[in-house]
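Chemist: Please see the structure below; I have some questions.
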Amino acid sequence: MRNFILQRMATAIPTLLGMSMLGFFMVALTPGDPVEMELRRLGVIFTADQIAALRQEYGLDQPIFKRYIDWLIRLLHLDMGQSIASGRSVLEEFKTHLPLTITLATLSLAFSIVLSALFGITAALTRSQALGNFVQFFSIFLVSIPSFWLALLLLFIFALSLQWISLLGSGAWYDLVLPVLTLSLGSAATMGRLMRDRILAVMSEDYIRLAIVKGLSPTLILRRHIMKSILPPLVTNWAVTFGALLGGSVIVENIFNLPGLGQMALQAVFERDFAILQAYLLFMGLIFFVSNFIADLLNYWLTPHFREQSGSQGGTE
Amino acid sequence: MVDTPLFKLNHLTICQQGKDQNPIIDDVSFSLNQGQRLGLIGRSGCGKSVTSHAIMDILRPPLVRKQGQAILQGQDLFTLSAAEKRRIRGQGMFCIFQSPGSALHPALTIKQQMIEIATVIEQDQTTIINAVEYAFDRMQLPIRCLTQYPHHLSGGMKQRVLMAMALLLKPTLLIADEPTTGLDVLTEQDVLKAMEIMLEETQSACLFISHDIRIVKRVCNDLLVMKDGKIVDRCTRDELTYRERAETTREIIDAMKVA
Amino acid sequence: MKLLSLRATPLGLNTGVILIGCLLLIAFFGESLAPHDPNKMDLIRRLEGMSWTYPLGTDHLGRDVLSRLMSGTFLSLGAAVMTAISILFIAVPIGLISAMVGGVVNHLLMRITDIFLAFPMIIFSLVIIGFLGASLNSAIIGVALAWWPSLARLVYTLTTDALAKDFVLASRQCGIGPVKLVIRHILPQILPPLFVVMSLEMASILLVLSSLSFLGIGAQPPEAEWGAMLNEARPFFTERPGLLLAPGLLISLAVMGFNLLGEGIRHKLDNRSPFRW
Amino acid sequence: MSFQVDNLSLSLGGNKILHDISFTLERGKVTGLLGRSGCGKSTLAKAMVGIHQVDQSCLKIGGTMFQPKFGKTGHKIQYMWQDPHMALSPFLSAVRCVEEAMETQKDTTKKQRHEKAQDLLDQVGLTSALMQKRPHALSGGQCQRIALARAIAAQPEFLILDEPFSALDLVTQKNIISLLGNLRQVYDFGLMIISHDLRTLWRLADKLILIDQGHIIEDRPTSDFIHSPRHDLTKTFASFALAEV
């Protein structure tokens, strides 16, 4: 296990470096000179040489690669520059907005895993054709609804007609119920369909035929034989879904106006606040990368038969 | 032997969904007595394996059973409920399939796949482990295989693991569907020797399916020859040399003599 | 073609084909069929419910919702098709070349794909729009840049599996050149699964584009794009929630059409069937 | 003209598969390569064709050094896969498949190739009705015949059949063996047939080679191989083959 982790870390370094380059060059290569745009937005009258002085001060005139190295060093010290809109350091902005997005994403992931297991197993194993078709159609319907429209529907039902909650939210925990529901219904349907397909694929394998012929009970076949084979692809899919949920939180935070990272990023798009956008991209990339890494570790642990055991060559007779 | 046979298959007919006119298995009937070994021979694609799947009742769409009964010790298997069928499988009927490569679960150790038989034959952990080791010893399988995964084992060893499972289950009827196809000549002998030992010990009736008459002649005393889903010839091992066998049988006998 | 014989196809595929058929009809003939001029404002009958003159009612500027939806279909669908084409245009060559050439080129291309893959897709496109400025074009570019890596990875895996097949090796042994090999043996193997994935991708592209427009960073008013219409109607949610019903439903039906098409074809291609206990 | 292999060694994925293999294939003669599963037969064949890389000094054709490049030296040596259904493209009909093997022969026109293909398919015993069919509509035996026609179409000097019989049933095996018997009268390529069953080889082969765990342990003319074997593994193989008669 340990050298697997070390080996994965080794391959992780170039990817992380590549991600940081992507983040940096996206800003550096955007049309329009950042200094000029900043000054113009702040309404400051400026002269050509004032700009030159400022560029010099920000080190924008140095060769691009040198600027990248400086930027990288500052990044590693968690100094990601100032937000143009609020003037506060980007790190501060993140600290205030981060907790909400992370709780939203993790809660939705947990809820959708449970829901998807329900969808997937019933759709795959049910004897009655009607129920199977119903779950199949219902999940395709759920997947096809845009999450923002689902949110508006839920708001319409619970806020407007039933008046259980107020439209603007009340700062209490149950503010999160509808957003989590919105996020997890869609992804639960997708994951449910994947689970159904994987279960049916595994059930067409020869070793399931042997398990049936052995006379094992259906629950044992499902719990041990089928689960053991379908878990790895599901775990990988959970990590990918976590990324999609992080993205989905942007929409949900906007509709339910929850002060999360997503809302901050959306604000940054309107204000062309590049520092926030760059930090947001890199930060979300890191979280997504870590979740994929955890999924890989879990899969490595789940598939002992891939690992070469010492003295395993009893095979060739 | 006037008493009722151990296993009786009546008028089994299997067709593809929607194509009822040319059935895959057309009105096949035969019976097996206690401890009898019946060979089922035929060229590839004549429906031998479909018959074994039908008897075990694990046919997959698009194949569907049109008619037929499979009476094992007086019970028609096709009319049983799912739970009853499950009780019959394993100790009543067991099947060893041809695909040595994919028959065992790739992600479970051989030990796990052997021990889980305890749930079928109701034995506690300690007795099952001894039984497994005894079976492995009888099948000349090294004990260290237990901790390995199927892909570490050769084709011949995997088939002998299936034989060991049969030894534990002691089924009244064992169906061996081309157990030695794809194995080289010497491994084939090991697997057949292991099978002899297993059949001796379990005293189970055996339906041995193969395209290779040389092996069937060695293992079985009665033979059925199948062509395009129909039984075209029935004879005992010694009658095989008579001239007036069915045309397909003669074709297969000549093929055997190519050496 | 056996594939589309109506009798054998599951219910889903037929509905999918019908939904997309109607969608295409509206997209091409929407402009002329629309009962009213989509941009004509009738401020007196502003925010009206369903009526004979305005079958789906009017929006906050008194424009007929039905006509806007019909004329907007070409824009929304066109944007999604544009994105899908640009994704294919980037992903297929990269996937094919890195699988066929192998070695350093393969390692480099796949490493780059991994870097792009490391970002959540919606966030990546959002940030790109942030840099390019909110507009439908930058939304298309953003989504295309965020979606191509997963497709490139798929094309790479499909091609590598196709190349490993015995009959492909047999053809190569006879000295068949790489181009003929791809056209004759590789494409027929990878196109069917690719078509399935593309129709499912079209569904998610439609969803993302309309979400971005809904957030106000995709299509900008007065464009009659579905997401933008919903965005304009948001402030009047409490006053007249019905205004948001029609566009949302149309998006869902369009997305469902592509999902059903994808699932239906995949069901026909995958002929394995499970053992039942 | 012969194909010489001189102390060829090969290791794949860390473990050594072939240990100093040396033998010769005579043109116009049939050589049987015998051995248990996993003894390295297929690896040896793939090394001779260029699927696995070996250093040049090991392989010679007619005395000159031979560097097999898979895809370039098809006219010198052809390899035939074991499973007939997998070795034929599902998208091409039988005749198109054989035509494709001749596409690199520049001096032929499309029409000539079509006729040659039909003629070859006829020689391997495929009825003209089946010539337009695709592999999924044909039996294992028929597919094997098409693969043979394709290999012959490339006009190789040497042809290696990797376990051509193990995917077929007994009767089809007999038919393919008699087909190979006829073909070797007509064509003068050197033929090497790999099998784990001596029964399928001994009537066809002029010479038999036995491999065990990567070493050649017997390389004798067929009659000596069967009647006066030196190595005891050869004895066991011979006894099983003769026992059936």
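The values are calculated or read from the model by the stated rules, or taken from the named source; none is laboratory data. Fair warning: this is a prediction, and the values are worked out from it, not measured in the lab. Glycine also receives a Cβ, built like all others from the backbone with ideal geometry; neighbour counts cover every protein chain displayed. Side chains included, ligands, DNA and RNA excluded: accessible areas come from the protein's heavy atoms. Shrake-Rupley method; radii C 1.70, N 1.55, O 1.52, S 1.80 Å.
Chemist: Is it the case that C:ILE176 is over 12 Å from C:GLY95 (Cβ atoms) and within 12 Å of chain D (Cβ to nearest Cβ)?
Modeler: Numbers: over 12 Å from C:GLY95 (Cβ atoms): yes; within 12 Å of chain D (Cβ to nearest Cβ): yes.
Yes; evaluated as a whole, the condition is true for this residue.
Chemist: Return the residues of the range D:104-126 that are free of Cβ contacts under 8 Å to residues at least 24 places away in the same chain and open to solvent by less than 80 Å² (accessible area, probe 1.4 Å); say none if nothing qualifies.
Modeler: Residues of the range D:104-126 free of Cβ contacts under 8 Å to residues at least 24 places away in the same chain: D:106-115, D:118-119, D:122.
Answer for the range D:104-126, where residues must be free of Cβ contacts under 8 Å to residues at least 24 places away in the same chain and open to solvent by less than 80 Å² (accessible area, probe 1.4 Å): D:THR108, D:THR109, D:ARG113, D:HIS114, D:GLN118, D:ASP119.
Chemist: Do we have B:LYS193 as over 25 Å from B:ARG86 (Cβ atoms), within 14 Å of chain D (Cβ to nearest Cβ) and either of a type outside the set (Asp, Glu) or assigned to a loop (DSSP other than H, G, I, E, B) (or both) here?
Modeler: Working: over 25 Å from B:ARG86 (Cβ atoms): yes; within 14 Å of chain D (Cβ to nearest Cβ): yes; either of a type outside the set (Asp, Glu) or assigned to a loop (DSSP other than H, G, I, E, B) (or both): yes.
Judged against the criteria, B:LYS193 is a match.
Chemist: Continuing with the same structure: I'd like to know if the range D:183-199 contains one or more residues that are closer than 19 Å to B:GLU188 by Cβ, hydroxyl-bearing (Ser, Thr, Tyr), at pLDDT below 90 and buried (at least 20 other Cβ atoms within 10 Å of the Cβ).
Modeler: Checked against the condition, which is being closer than 19 Å to B:GLU188 by Cβ, hydroxyl-bearing (Ser, Thr, Tyr), at pLDDT below 90 and buried (at least 20 other Cβ atoms within 10 Å of the Cβ), the range D:183-199 yields no hits at all.
Chemist: For residues in the range D:127-156 being more than 21 Å from D:GLN78 (Cα to Cα) and part of a helix (DSSP H, G or I), which is most open to solvent (accessible area, probe 1.4 Å)?
Modeler: Here is the first cut: in the range D:127-156, the residues more than 21 Å from D:GLN78 (Cα to Cα) are D:127-134, D:136-139.
Checking which are part of a helix (DSSP H, G or I) leaves us with D:128-132, D:136-137.
Working: D:SER128: 88, D:ALA129: 77, D:LEU130: 31, D:MET131: 13, D:GLN132: 115, D:HIS136: 150, D:ALA137: 53 Å².
Per the criteria, the residue is D:HIS136.
Chemist: Still on this model: Would you mind stating whether D:THR104 is among the polar types (S, T, N, Q), closer than 22 Å to D:GLY190 by Cβ and at pLDDT below 90?
Modeler: On the way: among the polar types (S, T, N, Q): yes; closer than 22 Å to D:GLY190 by Cβ: yes; at pLDDT below 90: yes.
Taking the combined requirement at face value, the residue satisfies it.
Chemist: While we're on this one: Would you mind listing the helices (runs of 4 or more DSSP H) fully within the range D:176-245 where at least 1 residues are without any contact (Cβ under 8 Å) to a residue 40 or more places away in the chain and among the aromatic types (Phe, Trp, Tyr)? I'd like the intermediate steps shown before the answer.
Modeler: Details: elements: D:198-201, D:222-227, D:232-243.
Qualifying helices (runs of 4 or more DSSP H): D:222-227.
Chemist: Then there's this: Can you tell me how many residues within the range C:238-275 are farther than 30 Å from C:PRO193 by Cα and open to solvent by 20 Å² or more (accessible area, probe 1.4 Å)?
Modeler: Here is the first cut: in the range C:238-275, the ones farther than 30 Å from C:PRO193 by Cα are C:238-247.
If we keep only those that are open to solvent by 20 Å² or more (accessible area, probe 1.4 Å) too, we end up with C:238-242, C:245-246.
The qualifying residues number 7.
Chemist: Looking at A:ALA172, A:ALA211, which one is of a type in the set (A, V, I, L, M) and at pLDDT below 90?
Modeler: Details: A:ALA211 fails: at pLDDT below 90.
Sole residue among the options that is of a type in the set (A, V, I, L, M) and at pLDDT below 90: A:ALA172.
Chemist: Moving to a separate point now. From the list C:GLY49, C:GLY57, which residue is touching a residue at least 24 places away in the same chain (Cβ under 8 Å), over 28 Å from the mean Cα position of the chain (by Cα) and open to solvent by 30 Å² or more (accessible area, probe 1.4 Å)?
Modeler: Details: C:GLY57 fails: open to solvent by 30 Å² or more (accessible area, probe 1.4 Å).
Checking each option against the conditions leaves just C:GLY49.
Chemist: Here's something else I'd like to know. Please pick out the residue among C:ILE112, C:ILE94, C:ILE123 that is within 30 Å of C:ALA224 (Cα to Cα) and part of a helix (DSSP H, G or I).
Modeler: On the way: C:ILE112 fails: within 30 Å of C:ALA224 (Cα to Cα); C:ILE94 fails: within 30 Å of C:ALA224 (Cα to Cα).
Result: C:ILE123 is the single residue among C:ILE112, C:ILE94, C:ILE123 that is within 30 Å of C:ALA224 (Cα to Cα) and part of a helix (DSSP H, G or I).
Chemist: While we're on this one: Could you tell me which of the residues A:VAL252, A:VAL240 is open to solvent by less than 30 Å² (accessible area, probe 1.4 Å), of a type outside the set (Phe, Trp, Tyr) and at pLDDT 90 or above?
Modeler: One residue alone meets the criteria, A:VAL252.
Chemist: Among the residues in the range D:133-153, are any within 14 Å of chain C (Cβ to nearest Cβ), out of contact with any helix residue (DSSP H, G or I) (no Cβ under 9 Å at 6 or more places or on another chain) and in contact (Cβ under 8 Å) with a residue 40 or more places away in the chain?
Modeler: No, every residue in the range D:133-153 fails to be within 14 Å of chain C (Cβ to nearest Cβ), out of contact with any helix residue (DSSP H, G or I) (no Cβ under 9 Å at 6 or more places or on another chain) and in contact (Cβ under 8 Å) with a residue 40 or more places away in the chain.
Chemist: Can you tell me how many residues in the range A:187-208 are open to solvent by less than 20 Å² (accessible area, probe 1.4 Å), within 11 Å of chain C (Cβ to nearest Cβ) and not hydroxyl-bearing (Ser, Thr, Tyr)?
Modeler: 6
Chemist: Of the residues C:SER76, C:SER98, only one is at pLDDT 85 or above, farther than 30 Å from A:GLY132 by Cβ, open to solvent by less than 50 Å² (accessible area, probe 1.4 Å) and more than 24 Å from the chain's Cα centre (by Cα); which? Explain how you work it out, then say what you get.
Modeler: Working: C:SER76 fails: more than 24 Å from the chain's Cα centre (by Cα).
Going through C:SER76, C:SER98 in turn, just one is at pLDDT 85 or above, farther than 30 Å from A:GLY132 by Cβ, open to solvent by less than 50 Å² (accessible area, probe 1.4 Å) and more than 24 Å from the chain's Cα centre (by Cα): C:SER98.
Chemist: I would also like to ask the following. Looking only at the range B:65-77, how many residues end up being surrounded by fewer than 14 Cβ atoms within 10 Å (Cβ to Cβ) and within 23 Å of B:LYS19 (Cα to Cα)?
Modeler: Of the residues in that region, 1 qualify.
Chemist: On to the next question. I need the full set of residues from the range C:158-208 which are small (Gly, Ala, Ser), part of a loop (DSSP other than H, G, I, E, B) and in contact with a His (Cβ under 9 Å, 6 or more places away or on another chain), in order please. Break it down stepwise before answering.
Modeler: Let us first name the residues in the range C:158-208 that are small (Gly, Ala, Ser), namely C:162, C:164, C:170-171, C:175, C:177, C:199, C:203-204.
Then keep just the ones that are part of a loop (DSSP other than H, G, I, E, B); that gives C:175, C:177.
Matches in the range C:158-208: C:GLY175 only.
Chemist: Under the condition of being within 11 Å of chain B (Cβ to nearest Cβ) and under 14 Å from the mean Cα position of the chain (by Cα), which residue from the range D:182-218 is farthest from D:LEU126 (Cα to Cα)?
Modeler: We begin by selecting, within the range D:182-218, every residue within 11 Å of chain B (Cβ to nearest Cβ); these are D:195-204, D:212.
Narrowing the set further to residues that are under 14 Å from the mean Cα position of the chain (by Cα) leaves D:195-196, D:200-201, D:204.
Working: D:SER195: 24, D:HIS196: 27, D:THR200: 22, D:LEU201: 23, D:LEU204: 21 Å.
Per the stated criteria, the residue is D:HIS196.
Chemist: Next question, about the same structure. If you go through the range B:155-184 one residue at a time, how many are among the basic types (Lys, Arg) and either modelled with pLDDT under 90 or part of a helix (DSSP H, G or I) (or both)?
Modeler: Of the range B:155-184, the ones among the basic types (Lys, Arg) are B:158, B:160, B:170.
Those left that are additionally either modelled with pLDDT under 90 or part of a helix (DSSP H, G or I) (or both): B:158, B:160.
Selection size over the range B:155-184: 2.
Chemist: Looking only at the range D:8-17, decide whether some residue is more than 10 Å from chain C (Cβ to nearest Cβ), buried (at least 17 other Cβ atoms within 10 Å of the Cβ) and in contact with an Asp or Glu (Cβ under 8 Å, 6 or more places away or on another chain). Walk me through it before giving the result.
Modeler: So in the range D:8-17, the residues more than 10 Å from chain C (Cβ to nearest Cβ) come out as D:8-17.
From the residues that got through so far, the ones that are buried (at least 17 other Cβ atoms within 10 Å of the Cβ) too are D:8, D:10, D:17.
Now restrict to residues that are in contact with an Asp or Glu (Cβ under 8 Å, 6 or more places away or on another chain): D:8.
The answer is yes, given that some residue of the range D:8-17 is more than 10 Å from chain C (Cβ to nearest Cβ), buried (at least 17 other Cβ atoms within 10 Å of the Cβ) and in contact with an Asp or Glu (Cβ under 8 Å, 6 or more places away or on another chain).
Chemist: Return the only residue of D:LEU88, D:LEU92 being open to solvent by 10 Å² or more (accessible area, probe 1.4 Å), at the interface with another protein chain (Cβ under 9 Å from one of its Cβ atoms), under 17 Å from C:HIS185 (Cα atoms) and at pLDDT 90 or above. Break it down stepwise before answering.
Modeler: Numbers: D:LEU88 fails: open to solvent by 10 Å² or more (accessible area, probe 1.4 Å).
Sole residue among the options that is open to solvent by 10 Å² or more (accessible area, probe 1.4 Å), at the interface with another protein chain (Cβ under 9 Å from one of its Cβ atoms), under 17 Å from C:HIS185 (Cα atoms) and at pLDDT 90 or above: D:LEU92.
Chemist: Would you kindly identify the helices (runs of 4 or more DSSP H) lying entirely within the range A:59-154 that contain at least 2 residues that are touching a helix residue (DSSP H, G or I) at 6+ places or on another chain (Cβ under 6 Å), open to solvent by 80 Å² or more (accessible area, probe 1.4 Å) and in the same structural domain as A:ILE287 (by TED's automatic domain parsing)? Explain how you work it out, then say what you get.
Modeler: Details: elements: A:64-76, A:90-125, A:129-144.
Filter on the range A:59-154 gives A:90-125.
Chemist: Do we have D:GLN82 as open to solvent by 70 Å² or more (accessible area, probe 1.4 Å), in contact with an Asp or Glu (Cβ under 6 Å, 6 or more places away or on another chain) and outside any helix (DSSP H, G or I) here? Reasoning before the result, please.
Modeler: Working: open to solvent by 70 Å² or more (accessible area, probe 1.4 Å): yes; in contact with an Asp or Glu (Cβ under 6 Å, 6 or more places away or on another chain): yes; outside any helix (DSSP H, G or I): yes.
Yes: the conditions hold for D:GLN82.
Chemist: Filter the range C:62-85 down to the residues that are in a helix (DSSP H, G or I) and not hydrophobic (A, V, I, L, M, F, W, C) and list them by number.
Modeler: Of the residues in the range C:62-85, the ones in a helix (DSSP H, G or I) are C:65-85.
Within the range C:62-85, C:SER67, C:ARG68, C:SER71, C:GLY72, C:THR73, C:SER76, C:GLY78, C:THR83 qualify.
Chemist: Do we have B:SER154 as open to solvent by 10 Å² or more (accessible area, probe 1.4 Å), of a type in the set (Gly, Ala, Ser) and within 14 Å of chain D (Cβ to nearest Cβ) here?
Modeler: Details: open to solvent by 10 Å² or more (accessible area, probe 1.4 Å): yes; of a type in the set (Gly, Ala, Ser): yes; within 14 Å of chain D (Cβ to nearest Cβ): yes.
Yes: the conditions hold for B:SER154.
Chemist: To continue, here is another question. Looking at D:PHE70 and the list (1) farther than 26 Å from D:THR172 by Cβ; (2) within 11 Å of chain C (Cβ to nearest Cβ); (3) open to solvent by 40 Å² or more (accessible area, probe 1.4 Å); (4) not charged (D, E, K, R), which single condition is not satisfied?
Modeler: Every listed condition holds for D:PHE70 apart from (3).
Chemist: Name the strands (runs of 3 or more DSSP E) wholly within the range B:15-110 that hold at least 1 residues that are away from every other protein chain (no Cβ under 14 Å) and in contact with a Phe, Trp or Tyr (Cβ under 8 Å, 6 or more places away or on another chain)? Talk me through it step by step, then tell me what you get.
Modeler: Details: elements: B:25-32, B:37-41, B:63-72, B:93-96.
The strands (runs of 3 or more DSSP E) meeting that bar are B:25-32, B:37-41, B:63-72.
Chemist: Within the range B:113-132, identify whether any single residue is in contact (Cβ under 8 Å) with a residue 60 or more places away in the chain, over 23 Å from B:VAL50 (Cβ atoms) and of a type outside the set (A, V, I, L, M), and answer yes or no.
Modeler: Residues of the range B:113-132 in contact (Cβ under 8 Å) with a residue 60 or more places away in the chain: none.
Within the range B:113-132 (the criterion being in contact (Cβ under 8 Å) with a residue 60 or more places away in the chain, over 23 Å from B:VAL50 (Cβ atoms) and of a type outside the set (A, V, I, L, M)), the answer is no, since none of the residues qualifies.
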